[in-house]
1. Of all residues in the stretch 128-150, which are buried (at least 19 other Cβ atoms within 10 Å of the Cβ) and among the hydrophobic types (A, V, I, L, M, F, W, C)?
2. Only one of these conditions is not met by Leu292: (1) farther than 25 Å from Gly383 by Cα; (2) at pLDDT below 80; (3) not acidic (Asp, Glu). Which number is it?
3. Please specify each residue of the stretch 248-267 satisfying the condition of being within 16 Å of Trp340 (Cα to Cα), buried (at least 21 other Cβ atoms within 10 Å of the Cβ) and more than 16 Å from the chain's Cα centre (by Cα).
4. Applying the selection to the stretch 272-318, what residues are touching a residue at least 60 places away in the same chain (Cβ under 8 Å) and closer than 30 Å to Gly409 by Cα?
5. Out of (1) at pLDDT below 80; (2) under 20 Å from the mean Cα position of the chain (by Cα); (3) part of a helix (DSSP H, G or I), what's the single condition that is false for Ala279?
6. Among the listed residues Val174, Val125, Val169, Val148, identify the single one that is in contact (Cβ under 8 Å) with a residue 60 or more places away in the chain and touching a Cys at 6+ places or on another chain (Cβ under 7 Å).
7. Ala279: among the hydrophobic types (A, V, I, L, M, F, W, C), more than 26 Å from Ile240 (Cβ to Cβ) and surrounded by 20 or more Cβ atoms within 10 Å (Cβ to Cβ), yes or no?
8. If a residue counts only when it is on the phi < 0 side of the Ramachandran plot, crowded, with 20+ Cβ neighbours inside 10 Å and among the hydroxyl-bearing types (Ser, Thr, Tyr), which helices (runs of 4 or more DSSP H) contained entirely in the stretch 177-241 have at least 1 such residues?
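The values are calculated or read from the model by the stated rules, or taken from the named source; none is laboratory data. It should be emphasised that the depicted structure is a prediction, and the values quoted were computed from it without experimental measurement. Here the Cβ positions follow ideal geometry from the backbone for every residue, glycine too, while neighbour counts run over all protein chains shown.
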Amino acid sequence: MSRIVNAGIQLAAIPLILRFLGTQDYSVFAVVTGLLMWFNLADIGLGFSIQNHISLLRVKGGSDTLFLQKIAIFILVIGCLELVIFSVIAPFLQHFLLHKLEVTTPFYLLMLAGDLYMLSALFGVGYRVFFARQQGYFAYLYQTVSYVLGFFLVALCVLLHVNAKLPWVVVAWVLPQALCALIGFLHAMPLGNWLRAADFSMFKTIFKKAWQYGFNALGAAFVLGVDYIIMAQLLNANDITVYNIFNKIFSFMYFGYTAILAAIWPVLAEYYATFSRKAFQKANAMLIRNALAATLYVVGGTCTILLLKGFLLSLFIKTQLMVSGTILILFGFYYITRVWTDTYATAVQSQNKIGFIAATVPIQAVVSVVFLYGFGKWLGLPGIVLGLGLCFLVTGCWMLPVYHYYSLGKLRGS
């Protein structure tokens, strides 16, 4: 429910921000905030690695308090290094990303947004701790508060008619996410003795798995996060705005399922940790049931959006933008491929068997860039959406289920 609320708030913020900034500045806002997956790489996979380690401790009846105290200080050190490095290179990256949009932006805009997003990602390790403890409601609460507060601050910017609209809106939207992540981190991590308890050998143990999760996240960024980078080079502000609006609408529909996957991750981890045939059967039945239900849900949602596309556009922007039904059908196709890929990616990662995903990351990354750039240059906006769906269809949509059942077969035979 919290994920759906968060997605709803993001949807409600679009007309507020779009009408305040205008299409040109909004396209820059969409590109900068659309780089979220790249900024999320800041946690270098630590969140997932820590979550799975805590799940194993729970199975063995151990406590996570001392474990978290041993690694907390290293998380903060990594964060400081990342912020310094990114702040140096951000102005150059901003010029590369935005120069073709022909919009004047402050040189520090990407640095400002990126630093805040990176802090959110790193402190988001605390959210993973909550999920491992099966206290995910705390993580969802903090995330929901961050979006509500962000919406309130954006509305305040509009009400006050602030100058330098774009940077103020970016700060208003992103800062609450960083602050709430920090509070959640301090809530989840046992306070005190961080320096005294620091154990680099323990951190190295966690990092051995974390870098693989981080590498997988890098591949996911090429698949899911390269869209805005390529669109900024190929499309105009209007097309970027249309993509942003309808991708947010479909994301609103899909976020409910990502919440389910996040919730069942620790449950799957505990099932697979038992090495029991009965537990494996329960886990697999859970996967199939959820994937089929989500597929039907996406089909129904796509049909509804097709019927209401004109009304939906009128809610977001005063000027009429033309959107073909083909684009919306392609969005539906894309999100169906996401359902099956994300379902089995969750299953594989919950077993800590991420070597296969890491091995296929280069393939997925190359396919994503080639498909999005090639189809985008050829067909424009429809090509971008088509490229996304085809990328999943020819890679993770079938590779991950095949590997998952193969690996379970090996476990049963061992």
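1. Result: Val129, Phe130, Phe131, Ala132, Ala139.
2. (2)
3. Of everything in the stretch 248-267, nothing turns out to be within 16 Å of Trp340 (Cα to Cα), buried (at least 21 other Cβ atoms within 10 Å of the Cβ) and more than 16 Å from the chain's Cα centre (by Cα).
4. Tyr272, Ala273, Thr274, Phe275, Arg277, Phe280, Ala283, Asn284, Leu287
5. That leaves (2) as the condition not met.
6. Testing whether each residue is in contact (Cβ under 8 Å) with a residue 60 or more places away in the chain and touching a Cys at 6+ places or on another chain (Cβ under 7 Å) leaves just Val169.
7. no
8. 200-224, 227-234
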